[in-house]
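Here is the structure we will look at.
The values are calculated or read from the model by the stated rules, or taken from the named source; none is laboratory data. What you see is a predicted model, and the numbers here were worked out from it, not measured in a lab. A quick note on method: Cβ atoms are made from the backbone with ideal geometry, for glycine too, and the neighbour counts reach across all protein chains shown.
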Amino acid sequence: MKDSPGLHLKTYIFIFFMVLFAPLGNVLLSKGMKGVGSAKNWAPGEIFHVLSSIMTSGYIWLGIGCLLTFFVAYMLVLTWADYSYVQPASSFSYAVVAMLGYFLLGETVPPLRWMGIFVICGGVFIVGHTHPRTTEKV
């Protein structure tokens with residue numbers, strides 16, 4: 001099976017978008033929701049207040065935008081490469097999640113978790129050296 005050289009570059013660029021925008025969107029949603037707080041009870045007034053805070057939070061809208069960007073990139077990459085290649089390749093996002101959580105949310109990432117992330121990234125590196133498409137185009 002022959003692929004054009006641009007297919008690989010395009011695939012890697014959009015996998016990079018997936019790896020970046022999915023964790024960034026989730027971190028922004030987390031930061032936005034921590035700023036909104038939780039409803040202590042289910043009284044209609046309090047629920048309305050929480051919903052209005054959600055709808056006016058810039059972090060939440062930025063998070064939604066990042067997740068939409070991820071979703072578009074994900075759909076495009078699935079048209080160029082096999083799912084068995086795309087899903088493991090997108091697992092680099094675990095390292096991005098840990099770094100964003102540490103730097104943007106001030107979370108502590110224990111050494112054992114870092115070791116697990118490095119094991120995952122090692123597996124992704126191995127998968128990344130396989131051909132991205134093993135099935136014939138329809």
Output the residues belonging to region 59-87 that are at pLDDT below 90, crowded, with 17+ Cβ neighbours inside 10 Å and part of a helix (DSSP H, G or I). Trp80, Tyr85, Val86
Is it the case that some residue within region 99-114 is assigned to a helix (DSSP H, G or I), under 15 Å from the mean Cα position of the chain (by Cα) and farther than 22 Å from Phe14 by Cβ? yes
Of everything in region 59-68, what is within 13 Å of the chain's Cα centre (by Cα) and either free of Cβ contacts under 8 Å to residues at least 24 places away in the same chain or more than 13 Å from Leu104 (Cβ to Cβ) (or both)? Give them in sequence order. Ile64, Gly65, Leu67, Leu68
Residue selected from region 18-28 under the condition touching a residue at least 60 places away in the same chain (Cβ under 8 Å) and aliphatic (A, V, I, L, M), by the criterion surrounded by the fewest Cβ atoms within 10 Å (Cβ to Cβ): Leu20
Does Lys31 satisfy being in a helix (DSSP H, G or I) and either touching a residue at least 40 places away in the same chain (Cβ under 8 Å) or among the charged types (D, E, K, R) (or both)? yes
Just to check your reading of the model, which residue among Tyr94, Tyr59, Tyr74, Tyr83 is out of contact with any strand residue (DSSP E or B) (no Cβ under 8 Å at 6 or more places or on another chain) and farther than 14 Å from Met18 by Cα? Tyr59
If I filter region 120-136 for residues that are at positive phi, surrounded by fewer than 12 Cβ atoms within 10 Å (Cβ to Cβ) and not in a helix (DSSP H, G or I), do I get at least one hit? no
Looking at Tyr94, Tyr102, Tyr85, which one is aromatic (Phe, Trp, Tyr) and either in contact with a Cys (Cβ under 6 Å, 6 or more places away or on another chain) or more than 30 Å from Val36 (Cα to Cα) (or both)? Tyr85
If I filter region 37-58 down to residues being without any contact (Cβ under 8 Å) to a residue 24 or more places away in the chain and surrounded by 12 or more Cβ atoms within 10 Å (Cβ to Cβ), which single residue comes out as nearest to Ala95 (Cα to Cα)? Ile54
